[in-house]
Amino acid sequence: MPKIVDHQERKSNIAEATWRVIIQQGIQAATVRKIAAEAGVSLGALRHYFSTQHELLLFAMNLVKERVTARILAIIHTDLPPREQVAKVLLELLPTDDGSMAEMEVWFAFTFHLRSAGDKSAELDDAIYPLIVRLIDYLDQHGLLRQGLDKGDEAERLYALVDGLAMHAMLEPERLDRERMVRVLNVHLESICFG
């Protein structure tokens with residue numbers, strides 16, 4: 001009886017192997033041969049799923065985005081109070097554990113690689129800024145945003161804070177651990193929210 005293969009799962013496994021190669025050796029070392037070896041598949045099997053290295057890298061990059069998006073959607077569909085929902089969503093954008101740290105490292109590597117290569121075909125929009133704009137609007141719609149704040153300025157400030165925390169957590173994880181990131185986010189939310 002032939003073995004039943006879940007093609008989406010196989011593609012995801014290959015993408016995760018791509019992440020491991022990038023984290024361990026850098027994106028320049030993420031050759032099809034090294035990725036196939038890391039995934040435990042033949043070159044032919046890898047090429048069955050991804051005809052080019054570029055296609056594989058884009059799939060691996062988008063898998064990061066899909067997983068973060070799925071976690072955010074799970075938070076949004078809870079009955080948590082609005083401010084707590086916003087705080088939890090913001091934490092999903094930060095490297096707070098080994099898994100999210102790996103995703104962040106891979107995301108930054110892909111972003112810098114594709115931009116430096118001048119790749120116009122790749123969707124480089126990380127969707128973080130539009131999400132933050134929606135979070136600020138969400139707080140405002142629930143009457144939680146302090147009066148007199150400029151929502152556009154607050155979105156930029158929160159975007160800068162999240163990006164800065166993410167970058168510094170990657171560069172100095174001992175100094176900027178999960179607990180400190182939670183405190184910094186909460187202090188910021190307290191500065192712009194009622195209650």
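The values are calculated or read from the model by the stated rules, or taken from the named source; none is laboratory data. What you are looking at is a predicted structure, and each value in this text was computed from that prediction instead of being measured. Heads up, the Cβs are rebuilt from the backbone with ideal geometry, glycines too, and the neighbour counts pull from every protein chain shown. The protein model used for the area step is the full one, side chains on, heavy atoms only, and it has no ligands, DNA or RNA in it. Shrake-Rupley method; radii C 1.70, N 1.55, O 1.52, S 1.80 Å.
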> Of the residues in the stretch 17-34, how many are in a helix (DSSP H, G or I) and open to solvent by 50 Å² or more (accessible area, probe 1.4 Å)?
Replying inline: 7
> For the stretch 161-179, which residues satisfy the criterion of being open to solvent by less than 70 Å² (accessible area, probe 1.4 Å) and assigned to a helix (DSSP H, G or I)?
Replying inline: L161, V162, D163, G164, L165, A166, M167, A169, M170
> For Q28, are the conditions met, namely being within 30 Å of H142 (Cα to Cα) and within 21 Å of the chain's Cα centre (by Cα)?
Replying inline: no
> So, in the stretch 79-108, of the ones that are of a type in the set (D, E), open to solvent by 30 Å² or more (accessible area, probe 1.4 Å) and within 16 Å of the chain's Cα centre (by Cα), which residue ends up farthest from R180 (Cα to Cα)?
Replying inline: E105
> Across the stretch 127-145, what is the number of residues that are loosely packed, with under 13 Cβ neighbours inside 10 Å and more than 16 Å from E92 (Cβ to Cβ)?
Replying inline: 2
>> Criterion first (open to solvent by 70 Å² or more (accessible area, probe 1.4 Å), of a type outside the set (V, I, T) and without any contact (Cβ under 8 Å) to a residue 24 or more places away in the chain) does A37 satisfy it?
In response: yes
> Restricting the stretch 147-160 to residues that are surrounded by fewer than 16 Cβ atoms within 10 Å (Cβ to Cβ) and either at pLDDT 95 or above or part of a strand (DSSP E or B) (or both), which is nearest to the chain's Cα centre (by Cα)?
Replying inline: A160
>> Considering only residues that are open to solvent by 70 Å² or more (accessible area, probe 1.4 Å) and in a helix (DSSP H, G or I), which ones fall in the stretch 40-54?
In response: R47, H48, Q53, H54
